[in-house]
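The values are calculated or read from the model by the stated rules, or taken from the named source; none is laboratory data. Being a predicted model, the structure only gives us computed values, none of them experimental. Cβ placement follows ideal geometry from the backbone for every residue including glycine, while neighbour counts extend to all protein chains displayed. What goes into the accessible areas is simple: the full protein's heavy atoms, side chains included, and nothing from ligands, DNA or RNA. Shrake-Rupley method; radii C 1.70, N 1.55, O 1.52, S 1.80 Å.
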Amino acid sequence: MDLMVIADNMPAYLAGFRMTAQLTIVAGLGALVIGLTVAAMRVSPLGSLRVFAATYTELLRNMPLTLIFFFAVLVLPQFGVVLPLGYWTAVGCLTAYTSVFVAEAVRSGINAVGVGQAEAARAIGLTFGQSLTSVILPQAVRSVIPPLINVIIALAKNTSVAAGFAVVELTATGRRLAQQNPADVVLVLAGVALFYLVVTIPAGQLANLLERKVAFAR
Amino acid sequence: MADSTTAERPSAGAAARPTGEPLIVLEHVDKHFGALHVLKDVSLTVHRGEVVVVIGPSGSGKSTLCRTINRLETIDSGTITLDGKPLPAEGRDLARLRADVGMVFQSFNLFAHKTVLENVTLGQVKAKKVRPAEARATAMEILDRVGVADQAAKLPAQLSGGQQQRVAIARALAMKPQALLFDEPTSALDPEMINEVLDVMVGLARDGMTMVVVTHEMGFARRAAHRVVFMDAGQIVEDADPETFFTAPRSERARDFLSKILTH
C-alpha cells in the first residue's frame, strides 16, 4: 500500500472532481428551473398542463437513471435527435431525471402552504402567475429547502452514472486509477469517496444554515 | 343617486336606508358540492352602500353564497352580476373583478412571509400597478384608519388575532373595492378582540361601504345592517330589515334559530 497514490494522482482527481462538480451545478440549476416550472404546471388551473406535468413526472421518476442515459444515447438518435456523447448528454439526462424530484419536493411545499393563502392572493386580484410567484412559491420554497438539498446531494452522487457514458468524472477517474494502481485500490477509491464528501457534506451544512435563515412563523 | 330604487323598498330598521342602484345581483343561483345541494335557487340583490348581514345555521350555505360573489366558488347555474356586468369566468378579467370586491376571511389569511405593510401594498402594486411609494402611503393611511399603523413592520404571526383581522380589512380596502365581503370575520377571534374588529366594520358601514357580512354577531346586525338575510338548507328563507327580523321573524325556521342563539 502506498499512501502517496492519492497525492501522486492529485491532478487526475481534481480534473474528475471538477467534472463532477460541474455536472452537479449545471444539471442542478437546470433541474431547479424545470422542476419549478413542472411544479407550477402541476397546480395550474389548466387541466392540460396538469396532465402533461403529471405524465412527465411519473415517467421520469419511475425510470432508472441509467435507462434514461441509454434512451438518450440509443433511442433518441432513431428519432433524429443526436446528442453529442459525453458531457451534454449527461447534463441533459441528469437535468431531466433530477427535475421531477425537484418538482415533487416543490409541489409538497406548495401543498403545505395553506389554501387560504392562495384564496387571499386571488381575492386581492392577483392572477394565477402572480399568486404563485409572490405568495405561494416564496413560502413553499422555504419549507422545501431541506428536501431540495437532499435532491441535490442525490444528484451529486448520480453524476457517477455518467462514468458509463464517456464522461470522465470522479467515478470514471477512480476506475481508471484503480486499474493503473491495482495494489492500492482501497486507497484510490477512498480518495474518490473523500472528494464526493467534499461536495455533499457542505451541501448538508448549507441546508441547515438556509433552513434557520429563512424560517418564519406561520 | 338613483332614488327610484330606494323608494321602492320599505324604509325601516335601525340604520339609515342606503341610497344606491343594485350593485351585486344574484339570480337563481344553484351550486352543488358533489351530491350536496348547497345553494338552491338563490336570488339576492345588494344595493350600493347597503350592508347586508347573512345569518343562518352552519351548513346553510351562507359562506358559499359569500364566496360565489367573487367567484372563489363557481356556480352551477344562475347569474351573478356586479354593477350590471356578469362575473368573468377566469383569467385577467376575473382577477380585475376580484380586486374590485374585497374579501375578509374567517382565518385572516394574511401573507405569512410578508410584513403587515407588504400585505397591504402587494395587491396595489401587482394588480393595480400603483407605484410602490404611493402604495405604501395609501397602505399607511388605511392601517392608521384601522388602528394598526404602529404594527406595519411586523410579520402577521407577531400580531394578535384582532390586529391581524384589521390588517386583513386594510388589505382589502387598499384595493379601493366597490364592495367588501366578510366571511365570518370574528368567528376565529378571542372574545375580547371581537369588538375591535366589529368597530372597524361599523365604521366602514357608516362611511357607506357596500358590505355582505356572514356573521353570528347579532349585535353587529342590529347596529350596522340595513338588511338581514336568513339562510337555511341552501335557501334564503327570510330577507328583512334587522328590526323586523329580530322582533318579528316570519318563518318558523328563523324563529327557531333565533330562539337558540338569543337565549344566552
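Taking the listed residues B:VAL101, B:VAL54, B:VAL42, B:VAL29, the one that is on the phi < 0 side of the Ramachandran plot, open to solvent by less than 20 Å² (accessible area, probe 1.4 Å), hydrophobic (A, V, I, L, M, F, W, C) and in contact with a His (Cβ under 8 Å, 6 or more places away or on another chain) is B:VAL42, with no other qualifying. The set of residues from the stretch B:178-229 being small (Gly, Ala, Ser) and within 10 Å of the chain's Cα centre (by Cα) comprises just one member, B:ALA179.
A quick yes/no check of all residues on (1) more than 14 Å from chain A (Cβ to nearest Cβ); (2) touching a residue at least 12 places away in the same chain (Cβ under 8 Å); (3) crowded, with 20+ Cβ neighbours inside 10 Å:
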site: B:VAL146; (1), (2), (3): yes, yes, yes
site: B:SER160; (1), (2), (3): no, yes, no
site: B:ALA168; (1), (2), (3): no, yes, yes
site: B:PRO185; (1), (2), (3): no, yes, yes
site: B:VAL229; (1), (2), (3): yes, yes, yes
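Residues A:THR173, A:THR159: which one is touching an Asp or Glu at 6+ places or on another chain (Cβ under 8 Å) and surrounded by 16 or more Cβ atoms within 10 Å (Cβ to Cβ)? Of A:THR173, A:THR159, the one residue that is touching an Asp or Glu at 6+ places or on another chain (Cβ under 8 Å) and surrounded by 16 or more Cβ atoms within 10 Å (Cβ to Cβ) is A:THR159. Picking from residues in the stretch A:181-193 that are in contact (Cβ under 8 Å) with a residue 60 or more places away in the chain and either among the aromatic types (Phe, Trp, Tyr) or open to solvent by 60 Å² or more (accessible area, probe 1.4 Å) (or both), the one that is nearest to the other protein chains (Cβ to nearest Cβ) is A:VAL186. Each residue in the stretch B:118-164 was checked for being under 22 Å from the mean Cα position of the chain (by Cα) and part of a helix (DSSP H, G or I), and 19 of them qualify.
Taking the criterion of being in a helix (DSSP H, G or I) and within 14 Å of chain A (Cβ to nearest Cβ), no residue of the stretch B:187-203 qualifies. Any residue at all in the stretch B:83-103 that's touching a strand residue (DSSP E or B) at 6+ places or on another chain (Cβ under 7 Å), in a loop (DSSP other than H, G, I, E, B) and at the interface with chain A (Cβ under 7 Å from one of its Cβ atoms)? Checked against the condition, which is being touching a strand residue (DSSP E or B) at 6+ places or on another chain (Cβ under 7 Å), in a loop (DSSP other than H, G, I, E, B) and at the interface with chain A (Cβ under 7 Å from one of its Cβ atoms), the stretch B:83-103 yields no hits at all. Return a yes/no flag: does the stretch B:55-65 have any residue that is in contact (Cβ under 8 Å) with a residue 24 or more places away in the chain, within 9 Å of chain A (Cβ to nearest Cβ) and under 19 Å from B:LYS31 (Cβ atoms). No, the stretch B:55-65 has no match at all.
Okay, residues lined up against (1) more than 14 Å from chain B (Cβ to nearest Cβ); (2) free of Cβ contacts under 8 Å to residues at least 60 places away in the same chain; (3) open to solvent by 30 Å² or more (accessible area, probe 1.4 Å):
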residue: A:THR89; (1), (2), (3): yes, no, no
residue: A:PHE101; (1), (2), (3): yes, no, yes
residue: A:SER108; (1), (2), (3): yes, yes, yes
residue: A:VAL135; (1), (2), (3): no, yes, no
residue: A:LEU155; (1), (2), (3): yes, no, no
residue: A:ALA166; (1), (2), (3): yes, no, yes
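Cβ contacts < 9 Å: first residue on the phi > 0 side of the Ramachandran plot and at the interface with chain A (Cβ under 9 Å from one of its Cβ atoms), restricted to the stretch B:109-126; second residue surrounded by fewer than 21 Cβ atoms within 10 Å (Cβ to Cβ) and assigned to a loop (DSSP other than H, G, I, E, B), any location; separation 6+ or different chain. Result? Short answer, once both residue conditions are applied: B:ASN109/A:GLY114. Can B:ARG92 be described as open to solvent by 50 Å² or more (accessible area, probe 1.4 Å), under 19 Å from the mean Cα position of the chain (by Cα) and at pLDDT below 95? No, not satisfied. Looking only at residues in the stretch B:204-221 that are without any contact (Cβ under 8 Å) to a residue 40 or more places away in the chain and part of a loop (DSSP other than H, G, I, E, B), the one that is surrounded by the most Cβ atoms within 10 Å (Cβ to Cβ) is B:GLU217.
Those helices (runs of 4 or more DSSP H) of the stretch A:1-95 in which 2 or more residues are more than 24 Å from A:ALA190 (Cα to Cα) and of a type in the set (A, V, I, L, M, F, W, C) occupy A:10-42, A:47-61, A:65-70. As a summary of the residue check, B:ASN195 satisfies the conditions (1) closer than 20 Å to B:ASP100 by Cβ; (2) touching a helix residue (DSSP H, G or I) at 6+ places or on another chain (Cβ under 9 Å); (3) polar (S, T, N, Q) except for the one numbered (1).
Would you confirm, using the coordinates I've provided, whether A:ILE124 is more than 30 Å from A:GLN22 (Cβ to Cβ) and facing chain B (nearest Cβ under 7 Å)? Taking the combined requirement at face value, the residue satisfies it.
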